[in-house]
Amino acid sequence: MRLVGYIRVSTGRQLDGYGLDVQEKHVRQKHVRRWCREGGHRLGRTIYRDEGRSGTLESAERPGLADALTEIEDGTADGIIAPNLNRFARTLVVQEAILAQIWKHGGHAFTAGSGEVHPDDPDDPMRTAMRQMIGVFAQLERSMIAARLRRGRREKAEQGGYTYGAPPYGWRAHQKELAEAEAEQAARARARQLRDEDELSFREIAAVLDAEGIRPKRGDRWHPETVRRMLANPTDKPPTLYPRQRTS
């Protein structure tokens with residue numbers, strides 16, 4: 001089979017640990033190449049990367065994964081290989097959706113640690129249970145990390161510090177409130193024009209924005225789902241990013 005590699009790292013801190021370089025070596029290391037060769041598979045030159053992208057995001061929100069899946073959909077590749085299953089997803093729902101997308105187009109999913117992730121088999125319910133248990137524990141791990149972050153944010157908020165991540169497209173954080181980001185608001189307006197006046201699809205709008213040099217908040221290019229979400233609530237200002245202060 002012709003396989004494409006995929007690696008993902010959620011935060012900049014991970015770049016110093018089990019980050020993209022380590023994962024890439026994991027995917028390309030000798031035993032993986034030997035495994036591919038002995039099974040009649042070929043690992044492509046391209047290993048798709050998503051830097052600073054959460055494993056809770058759907059495939060459309062991760063340009064690297066979206067490109068890897070496109071190769072499977074187009075028949076350019078027969079399957080995709082990642083270092084382990086939680087590189088595909090950190091929640092069970094997203095994990096199952098991504099795997100379903102791979103299998104829907106006749107593709108195969110592999111991990112360097114355990115080989116092929118097989119589709120459901122009605123005669124082998126344990127297969128599904130074991131795969132989903134991996135997803136459950138990945139989700140649990142992420143939830144525990146998120147709980148620790150929330151505690152830290154609450155403590156920081158009580159001291160008057162900024163406590164949340166990047167604002168949505170079109171907005172920026174300013175003095176504990178959300179203010180409009182002029183360039184991003186212009187991009188939102190351009191996308192809305194293409195949607196309402198020119199009646200373009202989200203995919204076509206993404207192509208136009210890329211061609212005009214307009215960039216999303218993260219990544220190098222737009223994807224249809226990113227455009228759809230940006231336009232889902234084009235006029236209402238998002239609420240403040242700060243939690244209520246606890247009263248004594």
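The values are calculated or read from the model by the stated rules, or taken from the named source; none is laboratory data. Note that the structure is predicted; figures quoted are calculated from it, not measured. Quick reminder, even Gly has a Cβ in these numbers, built from the backbone with ideal geometry, and neighbours come from all protein chains shown. Side chains are part of the model used for accessible areas, which takes the heavy atoms of the whole protein and leaves out ligands, DNA and RNA. Shrake-Rupley method; radii C 1.70, N 1.55, O 1.52, S 1.80 Å.
Assorted remarks:
- Extension gain (nm, one decimal) between S143 and R215, 0.36 nm per residue minus Cα-Cα: 22.8 nm
- Maximal additional length on extending the R229-R150 stretch stands at 25.9 nm, based on 0.36 nm per residue less the C-alpha distance.
- When the residues K104, K217 are ordered by accessible surface, computed with a 1.4 Å probe over the protein chains alone, the sequence from largest down reads K104, K217.
- Summing Cβ point charges (Lys, Arg +1; Asp, Glu -1) relative to the Cα centre of the stretch 89-156 gives a dipole of roughly 880 debye.
- Each Lys or Arg adds one and each Asp or Glu subtracts one; over the other residues with Cβ under 13 Å from the Cβ of G106, this totals -2.
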